[in-house]
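Trainee: My structure is below; once you've seen it, I'll send some questions.
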Amino acid sequence: MSKHTTAPILLNTRKHVAILVALWLLIYALALATPPLLDDADATHASAARNILLSGDAVTLKVNGIRYLEKAPLPYWLVAASFRIFGFHAFAVHLPQAIAVLLLALLAYRWGRRAWDARIGLYAGLTMLTSIGVFLFTRVFIPEVLLSLLMAGTLYATQRALELGEQDKRGARLRIYAAWVMLALAVLTKGLIAIVFCGGAVLVYGALTGQLRRWRELRLVSGTALFLLVAAPWHILAGLRNTNAYMGHGFFWFYFVNEHFMRFLGKRIPHDYNKLPGSLFWLLHLAWLFPWSLFFPAAIAVAWLRRGRFSGLRHTYQGRSLLLLGTFAGIILVFFSISTNQEYYTFPAYLPLAVLTAAGLVEAERHGRLRGWITGAHAAFAVLGVAIAATLASGLWESRHMAYVSDIGELLAHRGVGDYTLSMSHFFDLTGPSFAALRLPAGLAALAFAIGPAAAWLLRRRGRAVESTLTVAGTAAVFLVAAHIALVRFAPLLSSYDLVQDYNHAAQQGQIEPGTQLMLYGDQAYGSTLPFYTGRTLPLVEGRTTSMWFGSTFADAPHIFLTGDELKQQWGTGPRKVLYVPEEKRADVDKLLGTHKVVLAELSGKVLLTDRALLH
């Protein structure tokens, strides 16, 4: 390639990367420090990482002093390293997640640019950064974004190694070994599922492209040895150090049999998970990849128009990329449509879907017969934008004279849509008074949707395709910034951090004695921010459930589990007790303790109760 052709490509690459990094800074970097950690998985996983740093034990994860063996360790190692640098703050927990999002977007850009061109790469990167699901499912410390990065990296490196082949044997060898290492790290991120998805994608891809005959280039013997060198030590040590728990079982049974195979079959012990209805499972992907899912029809129209060329896909790098990305996404989606699932389990399918959608969108831009599909998508976006802006404007108008209340949880309707198992269930609980707390994010979102979709449509009609797509991304970016502000406003409902501050304040003011015993009613996940932010191991009343169950069956587990009757016997005797009660358990505790309790602090339905009058 000559210097004259290389220079524009390099310039475009730098410009595109600068755009992606700027968007990442706006959406993700500025959201690192807030809100505080949330109850349930967020603070639970952060506690496991905290324990690694404080105990020096990087093999056996522990939460609230109890073994936590259901998770692979790599995400916790990364956050523990972040804690060492930045301290025990939400920023340290969010940073590795945010960096993984940036790397995922850059990988989507690189894959799209190399397989097709820079425009497709840019569109793919924009999709990864501004899709609702990517943002929503990185607000909580879960391993999906890191898993997605490592699995996509594994497949990209594998394909590149096969493409180089005999032309660059050293480059091909380095890439295939890098793929084996990334696969091992993916296993250390979320278990054997990485082998299923990556291995399945490579096998189907090889069969479709006729490259299975090149299996020797995958270096199965030396690659497997490298894989085991990286992945095996932790598994072996965890197995040796964690034996003889429930029915004589240890780590190997619980992690491999119970957490992998029995979870897939819906027979995991304990049964503490849900499965989305089939139709909802598929339809929600339109929300998770919004606004880019509006362009799915255009991408599908491109595929249909070129269906006669399917047999020729195997002969070009573009075609082979289509096959690999489509296979990878398809395996993930079908697997979790059969298995037990949560909304975010299909996160690894977002990158291949983003690249495929970007490729379809650009191909439709360049094909006169298909531009109507893009125009239709913009029209739908504009109509949705007007509807969303009008709805938000109506809420702003109705709440214009209402006072701002910081504790939004006290003002929600508590309709229980989806039993709060869906990610945005609490938004259905909004009332006029509660909407008053969301004026700033609602105003930003209304402005973005009132202007952005219409502007993108006009730019598209004038033939300014890239500018139109950037406007869509900008609209989504402003909305996600508004969503983050809303999440901060929802923090009193989703986190017990403020109750920890109330508890500390009461101790500092002398309202409660030194040595007061802080306790938690129910599973620790109800108030997992308490053990994290206090740094204590808390007694759990009726809390030997879900994530605490298996670890509690080890002989050396600390005696932190109390029954309700035991609490009642101890209540009012010995050192002062302060009991955290989640809203879901208020009725149970009221029945158990009756009037023999004093409210120390209350927030969004959660309460700190003490067993005697405050000192002053």
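Trainee: Restricting the first residue to segment 1-29 and requiring it to be more than 10 Å from L129 (Cα to Cα), which pairs with a second residue that is at pLDDT 95 or above meet a Cβ separation below 6 Å and a spacing of at least six or different chains?
Mentor: H16/L122; L26/A477
Trainee: Can you find, within segment 431-462, the residue that is modelled with the lowest pLDDT among those that are closer than 20 Å to P291 by Cα, surrounded by fewer than 19 Cβ atoms within 10 Å (Cβ to Cβ) and not hydrophobic (A, V, I, L, M, F, W, C)?
Mentor: Step by step, filter segment 431-462, then rank; the result is R461.
Trainee: Determine whether L280 is under 26 Å from the mean Cα position of the chain (by Cα), at pLDDT below 95 and closer than 25 Å to E163 by Cβ.
Mentor: For L280, the condition - under 26 Å from the mean Cα position of the chain (by Cα), at pLDDT below 95 and closer than 25 Å to E163 by Cβ - is not met.
Okay, residues lined up against (1) farther than 21 Å from T537 by Cα; (2) not in a helix (DSSP H, G or I):
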site	(1), (2)
H559	no, yes
L567	no, no
L579	no, yes
R586	yes, no
T595	yes, yes
L608	no, yes
L614	yes, yes
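Trainee: Right, here's the next one. Report every pair of residues separated by at least 6 positions or lying on different chains whose Cβ atoms are under 8 Å apart, first residue within segment 530-547 and not assigned by TED's automatic domain parsing to the domain that holds V93, second hydroxyl-bearing (S, T, Y) and assigned to a helix (DSSP H, G or I).
Mentor: P531/S47; F532/S47; Y533/Y497; T534/Y503; R544/S552; S547/T44
Trainee: Now, a different point. Name the residues in segment 450-469 that are touching a residue at least 24 places away in the same chain (Cβ under 8 Å) and within 13 Å of V362 (Cα to Cα), would you?
Mentor: R460, A465, V466, S468, T469
Trainee: It is to be established whether one or more residues within segment 127-141 are closer than 21 Å to L324 by Cα and either at pLDDT 95 or above or under 25 Å from the mean Cα position of the chain (by Cα) (or both).
Mentor: yes
Trainee: Related question: Please pick out the residue among R219, R241 that is farther than 17 Å from M548 by Cα, of a type outside the set (A, V, I, L, M, F, W, C) and surrounded by fewer than 17 Cβ atoms within 10 Å (Cβ to Cβ).
Mentor: After applying the criteria, what remains is R241.
Trainee: Only residues in segment 232-251 that are without any contact (Cβ under 8 Å) to a residue 24 or more places away in the chain count as the first member; pair them with residues that are part of a helix (DSSP H, G or I), Cβ under 6 angstrom, at least 6 apart or cross-chain, and list the lot.
Mentor: Filtered contacts from segment 232-251: G239/F251; G239/F252.
Trainee: Picking from R268, R263, which residue would you name as being outside the structural domain of T375 (by TED's automatic domain parsing), farther than 30 Å from T475 by Cβ and part of a helix (DSSP H, G or I)?
Mentor: Details: R268 fails: part of a helix (DSSP H, G or I).
Sole residue among the options that is outside the structural domain of T375 (by TED's automatic domain parsing), farther than 30 Å from T475 by Cβ and part of a helix (DSSP H, G or I): R263.
Trainee: So, one more: Among (1) buried (at least 21 other Cβ atoms within 10 Å of the Cβ); (2) closer than 22 Å to T138 by Cα; (3) at pLDDT 95 or above, there is one condition F290 misses while meeting the rest; what is its number?
Mentor: (1)
Trainee: Shifting gears a bit: Being in contact (Cβ under 8 Å) with a residue 40 or more places away in the chain and assigned to a loop (DSSP other than H, G, I, E, B) is the filter here, so list the residues in segment 59-79 that pass it.
Mentor: Result: V59, T60, N64, G65, Y68, L69, E70, K71, A72, P73.
Trainee: When you scan segment 117-193 for helices (runs of 4 or more DSSP H) that lie fully inside it, which ones turn up with 3 or more residues that are of a type outside the set (A, V, I, L, M, F, W, C)?
Mentor: Once the helices (runs of 4 or more DSSP H) in segment 117-193 are filtered for at least 3 residues that are of a type outside the set (A, V, I, L, M, F, W, C), what remains is 118-130, 144-164, 169-190.
Trainee: Determine if segment 584-600 includes at least one residue that is closer than 26 Å to L494 by Cβ, acidic (D, E), at pLDDT below 95 and touching a Ser or Thr at 6+ places or on another chain (Cβ under 9 Å).
Mentor: No; the residues of segment 584-600 include none that is closer than 26 Å to L494 by Cβ, acidic (D, E), at pLDDT below 95 and touching a Ser or Thr at 6+ places or on another chain (Cβ under 9 Å).
The values are calculated or read from the model by the stated rules, or taken from the named source; none is laboratory data. Note that the coordinates shown come from a computational prediction; the quantities given were computed from them, not determined experimentally. All Cβ positions, even for glycine, are placed from backbone atoms using ideal geometry, and neighbour counts span all protein chains on display.
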